[in-house]
Number of protein chains: 4
Amino acid sequence: MKVTKTGDLAMLVLNHKQFLFQLEAEKDFQTHEGFIRHNDLIGIPWGSTVASHLGKSFLLIEPSLRDALLHIRRHSQIIFPKDIGYILLRLSIGPDKTVIEAGTGSGAFTTALAWAVGSEGKVISYDKRQDMQQLAKQNLAKLGLEDRVEFHLRDIGDGFIETGVDSLFLDVPNPEDYLSQSREALTNGGTFGAILPTMNQVTKLLYAMEKHGFGMINVCETLLRFYKTIPNRMRPLDRMVAHTGYLIFARPIYDGDPSTQENNADFASP
Amino acid sequence: MKVTKTGDLAMLVLNHKQFLFQLEAEKDFQTHEGFIRHNDLIGIPWGSTVASHLGKSFLLIEPSLRDALLHIRRHSQIIFPKDIGYILLRLSIGPDKTVIEAGTGSGAFTTALAWAVGSEGKVISYDKRQDMQQLAKQNLAKLGLEDRVEFHLRDIGDGFIETGVDSLFLDVPNPEDYLSQSREALTNGGTFGAILPTMNQVTKLLYAMEKHGFGMINVCETLLRFYKTIPNRMRPLDRMVAHTGYLIFARPIYDGDPSTQENNADFASP
Amino acid sequence: MKVTKTGDLAMLVLNHKQFLFQLEAEKDFQTHEGFIRHNDLIGIPWGSTVASHLGKSFLLIEPSLRDALLHIRRHSQIIFPKDIGYILLRLSIGPDKTVIEAGTGSGAFTTALAWAVGSEGKVISYDKRQDMQQLAKQNLAKLGLEDRVEFHLRDIGDGFIETGVDSLFLDVPNPEDYLSQSREALTNGGTFGAILPTMNQVTKLLYAMEKHGFGMINVCETLLRFYKTIPNRMRPLDRMVAHTGYLIFARPIYDGDPSTQENNADFASP
Amino acid sequence: MKVTKTGDLAMLVLNHKQFLFQLEAEKDFQTHEGFIRHNDLIGIPWGSTVASHLGKSFLLIEPSLRDALLHIRRHSQIIFPKDIGYILLRLSIGPDKTVIEAGTGSGAFTTALAWAVGSEGKVISYDKRQDMQQLAKQNLAKLGLEDRVEFHLRDIGDGFIETGVDSLFLDVPNPEDYLSQSREALTNGGTFGAILPTMNQVTKLLYAMEKHGFGMINVCETLLRFYKTIPNRMRPLDRMVAHTGYLIFARPIYDGDPSTQENNADFASP
C-alpha cells in the first residue's frame, strides 16, 4: 500500500473542490472548511479520508498528471491536457526521448514533457524571459521533475544550441520565423509541432513550411466534451471549451522532396 | 545523424500513401510504384529519399507512435490515437508505472501503454482469447516492446492476479461486472478508466460505480477535426470521425466517502 | 424607406448591449447610458442612430426573429434558435401550414411557429398550465402574432382535439406517452418531432416509436460555434453551448410497414 | 385525409432508399425492386403503402422541404439543410418578405427561400449563368414555387435593380466586392448574410464590412451530428459532415456608427 511522505505533491478533494499542494512537516492546510495539519497527512495511505477540525471529510489523493497541469501556477496561457495528450502522441514523446520546446511559458507543457520522457530522457526549454523560466522551474520542482529539464535563456532566432533532437515544439506567436533553426536542431525523421490560436497564424506557418521543406503536414484541433455523470440523466454539460488552439504537425524532410504531404483526406484515422 | 538498422520499424511515404514494415536484410519492398531492396534502406539516415526501380522517390521515415498505431494489424476495433493520448494523460501513465488492461484486443492500446511506461514500467494485459493475445504479441514485437508486457489468458471475472497497480483500464462491453475486481487490483489513489461505445453501457457503468465507491467520476468524449493544409484555402476537411467511444475516468476511494464526485461543471478545464 | 411606428417591436443597440421593447408614445427608454424618449424613436427610419441624453449613440433596428426569440420573457427553458431553424425545416413548417405543439412553455417555439406559418397558417398550442399560456400570449402579442395561435388548456393524455394536422411537435418530458394521440392528430405523411435533454429519454421514446408504427426515425443534435470577428485574429470564441437537446424526427406510417427506417447512415446529408 | 394528385411531388421510401419524383398520369416508376404505375399512386392517401410488381412495399409520402432540398438536381455545391434552417432564422425570412440572393446556383437555397416567403412574398435571384438559372427554374417548378421567384441574368457588380428589400444573401466566392451594392439594395434595418467555405474568404469579407459600415457582424458555423436509432445501442453515427461553410451575418447601419458590433462573447445564445 503506497503511503504519503514529506515532499509529495498531494491533492485533497472535498465535494467539487480540489486542493493541490506539497506535503511539508509542521505546515497547516487551511480552507474555509477547516484546517488539517500536514503531519496528519504524512505517512498514511493514498486514498485515505481525513477530517478537518470542522469535521469535513477530505479525500487525500495522489494527483494525476492532468490534476497537476490544471493546478499549475501560471502567468500566461498554458496548453491544456486535451491538447497535450494528443501532442505527446503525435510527436512520439516517450521514455528516453530528447525534445526541445520554445517558449517555456509557465511550464505546463514543460512539465508534461519532463514527465513523459522519464529519468533517462531530456527536455530542453528556450525562452527569452527569465521570470517565466523561474516560474516553470518552481512548477517542475513541485513534481520533482526539475532535473529532467535544461533551460536556455535565449532568442531562438539565434538558433538552437542542440542538434539531432528527436522532437521540437514551438509555442510562440510566429513559428514561421524559426523553421530553418528548427530543421537544424531536429534529427532526420524527427517530429515537429506547433500550436497557434488563430487561422491567420496557421496560414503564415503553412506558407513558410512549404518553403522550408517540411512534409507530412497536418493541421487539426481537438475538442473535449464532458457529460453529466447522473446515470438516469445522461447528457453533455451545458457548455464546453470551444477553442484552445490549432495544432500543426510535420516532419523535416531530408532532401526537400515535394512528394510527401500527409494524406489529410484520411478522415477515418482519428 | 540517426541511421536505420536491421529490425527497425520503418515507414516509406509516397504522396498520400504510407507503408510501414520492419527492415530485414535481403528482403524486398514491393508496391505498384516499383520495388526497393531492404538492403538499400538499411544503414542510411532516417529522413532519406530512396528511389524505387520505377524511379519513384519514397521518403524513409521513423514511424511515430501514432503512425505505428494506425498501421497495426487488427482483428477487432482498436482504440484510436485521439483517445489514447487523452487516456494516457488522465490515467497518469508514464515511465516506470504499472498498469493493467483488459481485454488485450488487437494490442493497439497495449502498444501505447508499453511504449509509455518505458523499460522500467510494466503492462499486464488480460484477455480470454488466445488468438487476440497472439496478434497483440506480434504487433508489440514489431516495435520491440514485447518484453514490457505480461499476458494473462484469464477471465477477469475471476479477479486480477496483481494488487497495488497504479492504473487499470477496461475495454470490455460490460465493465460494470468487474468493478470489485478492479478495486482489489488498484492501489489507493490509483486511476481507473474505461471506454464504451454506447450511452446505455455508460449508464450501467455509472450505476455500478456509485455502488462500488468509485469517486471523481468523469465522462467525456474527444473529437478530432482535421484541416486542409492549403494556406490560401484554410478550412476543415469535409468529413470527420464523429464517434469512437465515451471515456469514463474515476478513482477508487479508500473508505467510500460520498463527498468526492469530480466537478464536472468545470467546463473550463480542457 | 421603412419607418418606425407605435406598437412596433424595436431594438436599440449600444456596443455589445441590446435592448428590445415596444414603441409607445410618451414612454421613456432608460439605461445607465442615459434615456431616450420613445417619441424620438417613432416615425424615423429603421437603422437610424439616436443619441441618449448622455450623448451615447444607440442604433435603432428592427429585431430579427432570432433577436425576438433570445429576448423573450421566459419562466422555463426555451428552445433555442440553433434548434428552431432546423426543426422548422425538418417539420416542413412554412406558410399556410397547421401545426400542433405541446407544451406551450414560455412561448418561444410558439412564436417561431406563428411567425413561420404566416397569416393563413395556424398554430395550436397545448399546455396544462394556464400561467405559461398567459406568458406565451404576452410574448406573442409583442410581435403581433397572437391571432395565429389557438391555445388549449388540456392534458394531451386525453388526446388532441384536432385531426389531419400537417405537423406535431412535443416538448414534454415523456413524449413516449402521447404517441397514439399524436398519430390520431397527424395527417398521413405528416411530420412529427420532439426535443429531449437526456439520452435516457431518447431511448424510451425510440422504444415507443417502434411500437406505434413511426417510421423514418431520425435522431440528431445541432451545434453552433461562433467565431471572433477580428479579421486578422480569426478563431472561434473560447466557449460554446455544448448541449441544448436531442432532436427526434419521424413520420407516422399509414399501415405500420416496418420497411421505412430513415437512412441514418447517410452522414453526407446535412 | 389528404390525397395525392397529378403534379404533386411525391416520395417513395423502401428501407433506406428514397425516391423523389412528380406524379404524372400514365407514367411508370421503375427501380430494381420492381415498378409501380403512377396511376396507382394518384388519388390515394399520403402515407399509403404501395406494392411494386415484385411485391416490395413502398411507403408513399409527401416530401418535407428537407427531403426536396436533398434530392434537388444540382450542377454546383448547394447550401445544406443544416445551414438553411439557421440562415432563414437569422435573416428573418418568413411569409411576405422580399429577399435577394446571388448567385442562383442550382436553386436549392432559392427553393427554400421561395417556400418560406409564401405566396405573398418574393424572391429575387441573380446569376451570370443562364444554364444555372434554367436548372433552378426546373427545380422550383417541381415544387410549384416558380411563380415566387424573379430571375435576373446579371453581374451584381453592376448593382442590384431593387431597393428597400428586407434581406440579401450572397453565395459567391467574393462577397467583399459587392457590399456597397448590397447596402443600396437593402432597407435600413435589413438583414445581410453570406456563406463562405474558407477562413481566408471570411477574413477578406470582414475587412470589407468594416469599411462599408456593416454592424452587428456575426460569424459562425453549424454542425449536425446524427445518432443511431437503435434504443439499446444509443450512440452517434461513426462519421459526420465536418464542414460545409462559414456563415456571416450583419446589418447595414444607417449612418456608419461604429458602436454596433454584435456581442460575439454571448456564447450562451444559441
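Before moving on, here are some points about what is shown:
Residue-wise test of (1) among the hydrophobic types (A, V, I, L, M, F, W, C); (2) over 14 Å from C:Phe169 (Cα atoms).
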{"residue": "C:Ala114", "(1), (2)": "yes, no"}
{"residue": "C:Ser119", "(1), (2)": "no, yes"}
{"residue": "C:Tyr126", "(1), (2)": "no, no"}
{"residue": "C:Arg129", "(1), (2)": "no, yes"}
{"residue": "C:Leu135", "(1), (2)": "yes, yes"}
{"residue": "C:Val149", "(1), (2)": "yes, yes"}
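- Region A:22-49, residues that are touching a Gly at 6+ places or on another chain (Cβ under 7 Å) and under 20 Å from A:Gly144 (Cβ atoms): A:Gln22, A:Leu23, A:Trp46
- Failed item, numbered, when D:Leu59 is tested on (1) within 24 Å of the chain's Cα centre (by Cα); (2) buried (at least 16 other Cβ atoms within 10 Å of the Cβ): (1)
- Where D:Gln30 falls short, out of the listed (1) in contact with a strand residue (DSSP E or B) (Cβ under 8 Å, 6 or more places away or on another chain); (2) part of a strand (DSSP E or B); (3) not acidic (Asp, Glu): (1)
- Checked against (1) at pLDDT 95 or above; (2) more than 21 Å from C:Asp166 (Cβ to Cβ), D:Lys56 passes all but a single condition, namely (1).
- Considering B:His38, B:His53, the condition of being crowded, with 16+ Cβ neighbours inside 10 Å and either within 14 Å of chain A (Cβ to nearest Cβ) or more than 25 Å from the chain's Cα centre (by Cα) (or both) is satisfied by B:His38 alone.
- Residues satisfying the stated conditions in region A:143-167, i.e. of a type in the set (A, V, I, L, M, F, W, C) and without any contact (Cβ under 8 Å) to a residue 40 or more places away in the chain: A:Leu145, A:Val149, A:Leu153, A:Ile161
- Those residues of region D:156-169 which are among the charged types (D, E, K, R) and surrounded by 13 or more Cβ atoms within 10 Å (Cβ to Cβ), in sequence order: D:Glu162, D:Asp166
- Within the span defined as region A:212-223, every residue fails to be in contact with a Lys or Arg (Cβ under 7 Å, 6 or more places away or on another chain), in a loop (DSSP other than H, G, I, E, B) and at the interface with chain B (Cβ under 7 Å from one of its Cβ atoms).
- Region C:9-25 residues that are at the interface with another protein chain (Cβ under 10 Å from one of its Cβ atoms) and in contact (Cβ under 8 Å) with a residue 40 or more places away in the chain, paired with ones that are aromatic (Phe, Trp, Tyr) and assigned to a strand (DSSP E or B) (beta carbon under 6 Å, 6 or more apart): C:Leu14/C:Phe58
- For C:Arg74, the test of being modelled with pLDDT of 95 or more, touching a Leu at 6+ places or on another chain (Cβ under 9 Å) and of a type in the set (Lys, Arg) is failed.
- Residue in region C:50-65 that is touching a Pro at 6+ places or on another chain (Cβ under 7 Å) and under 26 Å from C:Glu101 (Cβ atoms) present: no
- Of A:Ala116, A:Ala141, all but one fail to be at negative phi and under 11 Å from the mean Cα position of the chain (by Cα); the exception is A:Ala116.
- Evaluated against (1) touching a helix residue (DSSP H, G or I) at 6+ places or on another chain (Cβ under 6 Å); (2) more than 7 Å from chain A (Cβ to nearest Cβ); (3) buried (at least 24 other Cβ atoms within 10 Å of the Cβ), B:Gly85 falls short on exactly one condition, (2).
- Just one residue in the set D:Gly43, D:Gly55 is touching a Lys or Arg at 6+ places or on another chain (Cβ under 9 Å) and either farther than 18 Å from D:Leu9 by Cβ or in contact (Cβ under 8 Å) with a residue 24 or more places away in the chain (or both); that residue is D:Gly43.
- Residue count for region C:119-138, restricted to those that are under 14 Å from the mean Cα position of the chain (by Cα) and within 14 Å of chain D (Cβ to nearest Cβ): 1
- Top-ranked residue in region B:52-87 [being in contact with a Ser or Thr (Cβ under 6 Å, 6 or more places away or on another chain) and of a type in the set (Lys, Arg); ranked as farthest from D:Asp238 (Cα to Cα)]: B:Arg74
- D:Leu41 at pLDDT 95 or above and either out of contact with any helix residue (DSSP H, G or I) (no Cβ under 8 Å at 6 or more places or on another chain) or not β-branched (Val, Ile, Thr) (or both): yes
- Any hit, region B:40-57, residues being touching a Phe, Trp or Tyr at 6+ places or on another chain (Cβ under 7 Å), part of a strand (DSSP E or B) and more than 26 Å from A:Leu168 (Cβ to Cβ): no
- Members of region A:170-227 that are surrounded by fewer than 20 Cβ atoms within 10 Å (Cβ to Cβ) and among the small types (Gly, Ala, Ser): A:Ser180, A:Ala208, A:Gly213
- Taken as a whole, the condition of being under 25 Å from the mean Cα position of the chain (by Cα), crowded, with 18+ Cβ neighbours inside 10 Å and either among the polar types (S, T, N, Q) or farther than 30 Å from A:Lys82 by Cα (or both) does not apply to A:Gln22.
- Some residue of region A:224-242 being in contact with a helix residue (DSSP H, G or I) (Cβ under 9 Å, 6 or more places away or on another chain), within 8 Å of chain B (Cβ to nearest Cβ), over 24 Å from C:Glu221 (Cβ atoms) and at pLDDT 95 or above: no
- Scope region C:243-270; condition of a type in the set (S, T, N, Q) and either at pLDDT 95 or above or closer than 20 Å to A:Tyr246 by Cβ (or both); matching residues: C:Thr244
- In region A:158-181, the residues that are part of a helix (DSSP H, G or I) and not small (Gly, Ala, Ser): A:Asp158, A:Pro175, A:Glu176, A:Asp177, A:Tyr178, A:Leu179, A:Gln181
- Of everything in region C:62-82 that is buried (at least 21 other Cβ atoms within 10 Å of the Cβ) and of a type in the set (Lys, Arg), the residue that is nearest to C:Glu150 (Cα to Cα) is C:Arg66.
- Single match in B:Glu146, B:Glu150 (criterion: out of contact with any strand residue (DSSP E or B) (no Cβ under 6 Å at 6 or more places or on another chain) and surrounded by fewer than 21 Cβ atoms within 10 Å (Cβ to Cβ)): B:Glu146
- Those residues of region D:144-161 which are away from chain C (no Cβ under 11 Å) and either modelled with pLDDT under 95 or over 12 Å from D:Glu101 (Cβ atoms) (or both), in sequence order: D:Gly144, D:Glu146, D:Asp147, D:Leu153, D:Arg154, D:Asp155, D:Gly157, D:Asp158, D:Gly159, D:Ile161
- Residue check, A:Gly193 in contact with a strand residue (DSSP E or B) (Cβ under 8 Å, 6 or more places away or on another chain) and either assigned to a loop (DSSP other than H, G, I, E, B) or within 7 Å of chain B (Cβ to nearest Cβ) (or both): no
The values are calculated or read from the model by the stated rules, or taken from the named source; none is laboratory data. For clarity, every value in this text was computed on a predicted model and none was experimentally measured. So basically every Cβ, Gly included, is an ideal-geometry build from the backbone, and we count neighbours across all protein chains shown.
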